[in-house]
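The values are calculated or read from the model by the stated rules, or taken from the named source; none is laboratory data. These figures come from a predicted structure and were not determined experimentally. Ideal geometry is used to build each Cβ from the backbone, glycine not excepted, and the neighbour counts take in all protein chains shown. Just so you know, the surface numbers come from the protein's heavy atoms only, side chains and all, with ligands and any DNA or RNA stripped out. Shrake-Rupley method; radii C 1.70, N 1.55, O 1.52, S 1.80 Å.
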There are 2 protein chains.
Amino acid sequence: MFVRINTDSALRPNSLRDLGMTSGSNALISLSEFSYKKGTEIYGEKEPADYVYQVKLGAVRSYKLLSDGRRQIGAFHLAGDIFGLENGGEHRFTAEAIVDTHVRLIKRQSLEIVAESDAMVAKHLLSMTTNNLQHAEDHMLLLGRKTSLERVAAFLLEMDKRLTAADVMALPMSRRDIADYLGLTLETVSRALSRLHELGILGFIGNTQRQIVLLDRDQLAILDLQP
Amino acid sequence: MFVRINTDSALRPNSLRDLGMTSGSNALISLSEFSYKKGTEIYGEKEPADYVYQVKLGAVRSYKLLSDGRRQIGAFHLAGDIFGLENGGEHRFTAEAIVDTHVRLIKRQSLEIVAESDAMVAKHLLSMTTNNLQHAEDHMLLLGRKTSLERVAAFLLEMDKRLTAADVMALPMSRRDIADYLGLTLETVSRALSRLHELGILGFIGNTQRQIVLLDRDQLAILDLQP
DNA sequence: CGCACAATTGACTAACGTCAAGCCGCGTGG
DNA sequence: CCACGCGGCTTGACGTTAGTCAATTGTGCG
């Protein structure tokens, strides 16, 4: 059973519209923009969460560190995604730009004030938090119980769903980032990619390495590895 | 550096009061109670989420399954905890009673109706979801990056914080449950417990096996293994 | 063009999983 | 009341997967 998983939907669920920003309430929200160079920190874990961010262009990683340097990336934030939304006053992750990244900033306080009176906005805040929760729950299953091959395949599927800008899927993050997202080492990720390479090549489209990747449960994705 | 981590706080943050249930709004919420025998299912993954639950007595496990039976427990719910709160209409976990368990039921619909008009209740729903999210985020770090010994020690610390009914900490869940929570096998959990046993014994109080367990970051817990 | 960094690949190691045997506590029924 | 059996736990021997260390190739950028 071969299924093309590439979707054509251009927008992720996390857009500003989803915060309930209609033309009317927009005026109340303080919006501004900022750019971060590749590798720079946007905010640190335990810093006060004064702003909520939306990726305009680029990609961001959110991670936690252990004292000895072990790193767990909790999520990648791609164009359209909102991140840094905390209920308490502190960020629970460190966020860094993976590549040069443009973000839109929203003052958390102004958002809270609007949410206080506007049930629609409040509802959307809850819905976004629930989406983050659901992602984390699924990721716990991956981290706790899946093999390296399953993890990498699941990662490719996730990215395929989210990075459908064009025909070519170019991953913005390094093997190390992928490894720290999947609870593996970069070597294991590389080996898994090589194995998937051998296993499921279907063919090539143009000069891109468009491929078929098999999954554990006869699922399947058409996607591209590094162009 | 030896620190006694046993806290005296009797109540977990997730009480009904935290839903904003004051004497006034109580009337609007339909409350009832129910009992589940050890091992029985409370709800299944993907079932419609008509009720929210609060543990009155006992313990509950929430888990996801892979098609081949691999299981990941996402959380244990102990006395006072609220679980089964979903934003979408479907449960994302299966919930089972670990021991004979009494729960309080709240109709989700009635809760939503109240939240619509009462910003306080809405805020508490968001806060509870955020707490769940935070737990999942911390658990991702554990599952992705901690050693078996660190996982078991972290688990004991977590239970120590939450199960402070008396001096004795009796774990309601089996080694298999612990293993599926920590992304390990029951044998690895057992070995880790044995190693912690050897390492950090302080002494015994009465006939309970009260012990000192060392952690990676010179943290420490006083707790009891199976009485 | 060459340098620096990223990715791949191989050889070996360590950690955790698997399989299996035996123990312990507990409930049940003779 | 005790023997038996069952399930849960521990422990040991061994297997497998992923991690570590290292050499090599590939790639983008000044």
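See the values below:
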| quantity | calculated |
| --- | --- |
| Per-residue HN-Hα couplings for segment A:56-67 [Karplus 6.51, -1.76, 1.60; θ = phi - 60°; Hz; x = Gly/Pro] | 8, 8, x, 7, 10, 10, 10, 9, 10, 10, 8, 4 |
| Area hidden from solvent between B and A (accessible, protein heavy atoms only, 1.4 Å, total, Å²) | 3700 |
| Set of lysines near B:Lys46 by C-alpha distance (under 28 Å), chain-local residues within fewer than 8 positions excluded | A:Lys123, A:Lys146, A:Lys161, B:Lys37, B:Lys38, B:Lys56, B:Lys64, B:Lys107, B:Lys123 |
| Shielding by other protein chains, B:76-88, mean Cβ within 10 Å | 1 |
| Sum of side-chain charges, B:Gly88 neighbourhood, beta-carbon under 13 Å (Lys, Arg +1; Asp, Glu -1) | -3 |
| Kirkwood Rh in Å, taken over segment B:93-133 so that all alpha-carbon pairs contribute | 12.2 |
| Calculated from backbone phi, Karplus (6.51, -1.76, 1.60) coupling profile of segment B:184-198 in Hz, x at Gly/Pro | 10, 9, 5, 5, 5, 4, 4, 5, 4, 4, 4, 5, 5, 4, 4 |
| Segment A:16-142 - Rg over Rh from alpha carbon coordinates, Kirkwood radius | 0.97 |
| Under the Karplus curve 6.51 cos²θ - 1.76 cosθ + 1.60, θ = phi - 60°, whole-Hz ³J(HN,Hα) for segment B:110-126, x wherever Gly or Pro sits | 5, 5, 5, 5, 5, 4, 4, 9, 9, 5, 5, 5, 4, 4, 6, 4, 5 |
| Teacher prompt: B:Leu65 distances to equivalent labels in other copies, 7 Å Cα→Cβ, nm | 4.2 |
